[in-house]
Each structure stands twice: as C-alpha cells, then as structure tokens.
1. Among residues belonging to segment 358-417 that are in contact with a Ser or Thr (Cβ under 9 Å, 6 or more places away or on another chain) and β-branched (V, I, T), point out the one that is modelled with the lowest pLDDT.
2. Does R61 fit the bill of being surrounded by 13 or more Cβ atoms within 10 Å (Cβ to Cβ) and touching a residue at least 60 places away in the same chain (Cβ under 8 Å)?
3. State which residue is modelled with the lowest pLDDT when the search covers only segment 64-79 and only residues that are surrounded by 16 or more Cβ atoms within 10 Å (Cβ to Cβ) and outside any loop (DSSP other than H, G, I, E, B).
4. Can you tell me which of (1) over 20 Å from the mean Cα position of the chain (by Cα); (2) surrounded by fewer than 21 Cβ atoms within 10 Å (Cβ to Cβ); (3) modelled with pLDDT under 95 is the one K197 doesn't meet?
5. Take the residues of segment 197-208 that are assigned to a loop (DSSP other than H, G, I, E, B) and in contact with a Ser or Thr (Cβ under 9 Å, 6 or more places away or on another chain): which is farthest from T116 (Cα to Cα)?
6. Can you tell me which residues in segment 222-259 are among the aromatic types (F, W, Y) and part of a helix (DSSP H, G or I)?
7. Would you be able to tell me the number of residues in segment 1-45 that are within 20 Å of T93 (Cα to Cα), at pLDDT 85 or above and among the small types (G, A, S)?
8. Looking for something more than 22 Å from V39 (Cβ to Cβ), assigned by TED's automatic domain parsing to the domain that holds G382, part of a helix (DSSP H, G or I) and modelled with pLDDT of 90 or more - is there at least one such residue anywhere in segment 279-293?
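The values are calculated or read from the model by the stated rules, or taken from the named source; none is laboratory data. Here the structure is a predicted model, which is why all the values come from computation and not from measurement. Cβ atoms come from the backbone with ideal geometry, glycine included; neighbour counts cover every protein chain shown.
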Amino acid sequence: MPHPTIEEFGEECTAFLEANARPRASRRGFTWGEGDDSVALFEEIDPAEEQRQLAAAKEWRARRFDAGLGWISGPDAHGGRELSPAHERLYATLEARYDVPSQSFFGIGLGMVAPTIQAHGTPEVRHAYLGPMYRGDVVACQLFSEPGAGSDLAGLTTRAERDGDEWLITGQKVWTSGAQYSDIGEIICRTDPDQPKHRGLTGFVVDMCTTGVDVRPLRQMTGGATFNEVFFSEVRVPDSHRLGDVNGGWDVALTTLMNERASIGGASGGGLSAASTTRLAALLGHLGLAEDPVYRQELMRVHIAMRVANLTNQRALDKIKAGQVPGPELSTAKLALTRNLTAVAQLVSGALGARLTADTGEWGTYAWTQFLLGTPGYRIAGGSDEVLRNIVGERVLGLPKEPGDNAKAPFRDTLKN
C-alpha cells in the first residue's frame, strides 16, 4: 500500500480525531487570578485517581494504535506505519487541538525504554513488547540508579547471576519513576565483578509483577511520592530478555541515557510551560516590581534563555526523528533545562520573599513553593549537572578527562578501595 501524502494523512488524522475526541476549548491568554494557580513540577495525585487516569490513557492509546496512528514512524513488523517524522509531527500538532487523556504515563517507556529494546533487544523481546508498548498495553520504567550508584552509574552493585537459561537478579534500585504502575522495567545489573566496572554490566527486561519484586514509594520534600525504590530478591529473568551482549550493558545504558536526556531536556520538558515568562511578568506586576530595573533584566534573561533552549532542543529532536543517533551534545539540553529552572526559582523566591513560607491564600504566590522544592531534583535526574558538564567537556569539547578509577582494574578492586 502506498504511503499517504502529508495532505492525505492530515485528512485521515482529522477524521479520526473528530470521530473520537472533543476539540479543545480555545486557549485564552493568561490572566492573573483566574484558574488553577499550581506551578508544581511534579503533579501529586492519589492512587485511585492515578489508576483512573492510567486507564483512560491506555484506552486512548489503544484506540490510536488500532487506527494506525499509535506508532506512525515505527516498523510495520511491530504495528508501525513506517511513515516519515513529518507525518508524526503532523499528528502531534493536530492531536494537541483536541481534549485527550494525558499520555505522561508512557513517557519513560516510549521515550527511553522502547528505543533501547528496538536497538538491543532479541527478536522475541521486540515482538513481545514494542507493539504492546505503543498500544498502551504495557507500561515500562527505567531501573538504573542505586543508593550508591547514581551519577557513577557504572559503580552499580545489583547483580545478575546465570542459572541455566535464566538469570537471578538481586539488589536495589532507587528514584524509579512510575514503578508503581509499570508492567516491565529496563534494568542494568553487574554480571561480572572481575571485569572493569564499565565492562561487567548487562541489561535486561524484567517483569515488574513477578515474584521477588518489591516496589516501595519514596516521600519527597514536596510532600508527594512520585519516585520509588525497588528491591529484587532472586528475581528470575529468561536469557531471551537480555538486552545486548553479556557484559555489554554499558552500551545499552548509553542508548537509554541519551534518549532520556533528549526527553527530559525537550522543548516542553520540566514544567517550564507552567513557569512561562508571561506568568512571571504578571507575578512581578502583582508585586509592584514590573518597573524594577533589576527584576526586568532578570525576567528578560530568563525569557531569552528559555527561547534559545527551545530552539536548540527542537533542532536536536528533529535529528532524532530523522533517524540519527542521539549524541553527547544532548547533555547540553538537560543542563539548559536545570539552569533555566534554577533561574526561575531564584527570580521568584527573590520577588516573593516571605510569601513562599506561609500560605495566606493569595492567588499565585505560595503556589510557587512546590516549584521551588521540585527544582533541585532536576539537577540529579537524567545525570547530575556535574556529570553532564564532564560529558560535554570531554566528549563534545575534547578536553582532557578527569582523573578517576583505573579503568582496567576489576570491579572487585574498586570496591576494596
């Protein structure tokens, strides 16, 4: 069957959306004092509401997929249409005009785990999970960080020991978003402690509902619990669910991390849409600071930095959609995001002063507390700012590497030191 032109595809998408969703109400400009004043980076919802929203998101995802719009640029073998990135962008633009359930539940799975499975998974795993993930039947999480291995991911100690055609996984992961509702997880384990730490790792796809997996929520200083710690006690994983070669897990991890940084640093990532410069300007006006030369200058610095970051991110995302492999330069996208979040937090905290510490009921003031409390977490998620600066310095700018562990020493020896 010949591929539809952009015009024909647009007509197809519009017909589907008109038949299955309601047009979104036209957006009004921001007006101070109207609507919800929340600017939280992490939305806190109770478990029952979370399950309701997840069910609605899955239903919409399935409806899209069954209509041939679930994986527009994906391979036909896994339910994709094999159309161009331009077709995919067109659908996203059209869907944004309609009121559909939030698809945030699938962000990690489709943005990070699915590309890794596609690149490193066995035919059995690709067949078992890629189509169902894009249809919304399977939700995935990422199991990388550990209590003693966050920025230094290669120092992880969760182990996988071979037992015939299976592997036994034992250890602990932490800061796992969405683990409480995920069906599968991508996990990196140590399979050979006698190898140097970057070479003794192996990736797997693990069933999050299997015996031996224990998911526990982590309470954050925002008051919510959007992250989890996950314990594995001799969890059995078939060798067919291995990602890449044995002890080749570092390459698997890099594939995921590059996609993660592209996702986190994306044009709409990090909640900066809520912290728009329009809203910031309105806040300064409400506080009588609109004509203050210092705050006016800081506001324009934030505006320019956000605009530059959006344009840079869009260029990088277009390269990815064109089939190019994400590179280390995407670390700059995530660094720009955290820098901009921090700049907004500093501007708002200076302007609000005591209004951040006590809720007087005044619209648009104390609500910023959640934003400020959530900002520090972004300096760690997806690789700490310090690690990403090293990556940019060494792999993008070609600067000398920092002194570190002996790369040729077995992992056992690094633990002794």
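1. I380
2. Numbers: surrounded by 13 or more Cβ atoms within 10 Å (Cβ to Cβ): yes; touching a residue at least 60 places away in the same chain (Cβ under 8 Å): yes.
When the stated conditions are applied, R61 passes them.
3. H78
4. (2)
5. Going residue by residue through segment 197-208, those that are assigned to a loop (DSSP other than H, G, I, E, B) are 197-200, 208.
Checking the rest, the ones that are also in contact with a Ser or Thr (Cβ under 9 Å, 6 or more places away or on another chain) come to 197, 200, 208.
Numbers: K197: 21, G200: 19, M208: 18 Å.
Residue satisfying both the conditions and the ranking: K197.
6. Just the residues of segment 222-259 that are among the aromatic types (F, W, Y), to begin with: 227, 231-232, 250.
Scanning segment 222-259 gives a single hit, W250.
7. Quick first cut of segment 1-45, residues within 20 Å of T93 (Cα to Cα) only: 3-29.
If we keep only those that are at pLDDT 85 or above as well, we get 3-24.
Imposing the further condition that a residue be among the small types (G, A, S) reduces the set to 10, 15, 19, 21.
Of the residues in segment 1-45, 4 are within 20 Å of T93 (Cα to Cα), at pLDDT 85 or above and among the small types (G, A, S).
8. Let us first name the residues in segment 279-293 that are more than 22 Å from V39 (Cβ to Cβ), namely 291, 293.
Adding the requirement that they be assigned by TED's automatic domain parsing to the domain that holds G382 leaves 291, 293.
Still in the running and part of a helix (DSSP H, G or I): 293.
Then drop every residue that is not modelled with pLDDT of 90 or more, which leaves 293.
Yes; the residues of segment 279-293 include at least one that is more than 22 Å from V39 (Cβ to Cβ), assigned by TED's automatic domain parsing to the domain that holds G382, part of a helix (DSSP H, G or I) and modelled with pLDDT of 90 or more.
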